[in-house]
Amino acid sequence: MNSLDGTIVAITGAFGNLGLVTAQVLAERGAKVALIGRGKAPANLPASLAQACVASGVDLAERDAAQRAVDSIASQLGGLNALVNVAGGFSWETVADGSADTWERMFDVNVKTTVNATKASLHHLTKTTGGRIVNIGAMAGLKAGMGMGAYAASKSGVMRLTEALAEELKDKGATVNAILPSIIDTPQNRADMPDADFTRWVTPEQIGGVIAFLLSKDAQCVTGALIPVAGRV
């Protein structure tokens, strides 16, 4: 198990299933954790997150809101040396029956939130060497299925951002990588696909474990990687 002692990490989209589980995994490995979410924080956070810094009501699609949240977190926790961009969303619709608004919304929730949170964090992440950024792409960003055009295009944007930023930060000693999940085993996905074989899906805990590795000292040599974490889908 990779130790994250000394890691101060902000997690966006932290009130959702993947974000909250990832926060728990990182906290249990010794990281100081900050939770950033657009809505209200869960009423009863897990015990492992009792000491977490919480920033609720933050719309990361707004650049100034992202900057205020990140700066406040860094001030409260004494710095910031890692960022995990989980915030995002999904929409399924065909081009024929869909709306251009969906494309704008997917780029707002998947690309713009990632760009804004990252830009707001760079000053803190590059104060010393060893900064870490992990983004959430998608297997659909490699090859999209029917009805996934807007979602897949936006996740592909996150993946290209990951590659470009990895090159940008190489000389600063920071790494930037992306996880590419397939179907994540969440209550919502089980409800939406009740006849599926859930055992083939990747769990939030498994994704959190890969993120923990990428934040660790053992992953200093890994940057610009797009890592499939797809279970057996």
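A few notes on this one:
- Residue in the range 114-125 that is surrounded by 15 or more Cβ atoms within 10 Å (Cβ to Cβ), assigned to a loop (DSSP other than H, G, I, E, B) and on the phi < 0 side of the Ramachandran plot present: no
Matching residues to (1) surrounded by fewer than 20 Cβ atoms within 10 Å (Cβ to Cβ); (2) touching a Ser or Thr at 6+ places or on another chain (Cβ under 9 Å):
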position	(1), (2)
Gly141	no, yes
Leu165	no, yes
Lys170	yes, yes
Pro181	no, no
Ala191	yes, no
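- Residues being farther than 14 Å from Ile183 by Cβ, in contact (Cβ under 8 Å) with a residue 40 or more places away in the chain and not in a helix (DSSP H, G or I) - total across the range 143-158: 2
- Of the residues making up the range 182-229, not one is among the basic types (Lys, Arg), under 30 Å from Glu168 (Cβ atoms) and either in contact with a His (Cβ under 8 Å, 6 or more places away or on another chain) or free of Cβ contacts under 8 Å to residues at least 60 places away in the same chain (or both).
- Any hit, the range 209-224, residues being small (Gly, Ala, Ser), part of a strand (DSSP E or B), modelled with pLDDT of 95 or more and under 22 Å from Leu122 (Cβ atoms): no
- Within the range 159-178, the set of residues being free of Cβ contacts under 8 Å to residues at least 60 places away in the same chain and not charged (D, E, K, R) comprises Leu161, Ala164, Leu165, Ala166, Leu169, Gly173, Ala174, Thr175, Val176, Asn177, Ala178.
- Residue check for Gln76: surrounded by fewer than 20 Cβ atoms within 10 Å (Cβ to Cβ), touching a strand residue (DSSP E or B) at 6+ places or on another chain (Cβ under 6 Å) and not in a loop (DSSP other than H, G, I, E, B): yes
- Residue count for the range 194-218, restricted to those that are over 13 Å from Met1 (Cα atoms) and under 12 Å from the mean Cα position of the chain (by Cα): 2
- Residues of the range 81-105 satisfying the condition of being outside any loop (DSSP other than H, G, I, E, B) and buried (at least 24 other Cβ atoms within 10 Å of the Cβ): Ala82, Leu83, Val84, Asn85
- Hey, Gly231 at pLDDT below 95, out of contact with any Gly (no Cβ under 9 Å at 6 or more places or on another chain) and either not in a loop (DSSP other than H, G, I, E, B) or not acidic (Asp, Glu) (or both) or not: yes
- Residues that are closer than 13 Å to Gly209 by Cα and buried (at least 20 other Cβ atoms within 10 Å of the Cβ), drawn from the range 1-19: Leu4, Leu18, Gly19
- Of all the residues in the range 82-138, those that are polar (S, T, N, Q), at pLDDT 95 or above and over 21 Å from Ala65 (Cα atoms) number 4.
The values are calculated or read from the model by the stated rules, or taken from the named source; none is laboratory data. Since the structure is predicted, the reported quantities are computational estimates derived from the model, not experimental observations. As a convention, Cβ positions derive from the backbone with ideal geometry for all residues, glycine included, and neighbour counts pool all protein chains shown.
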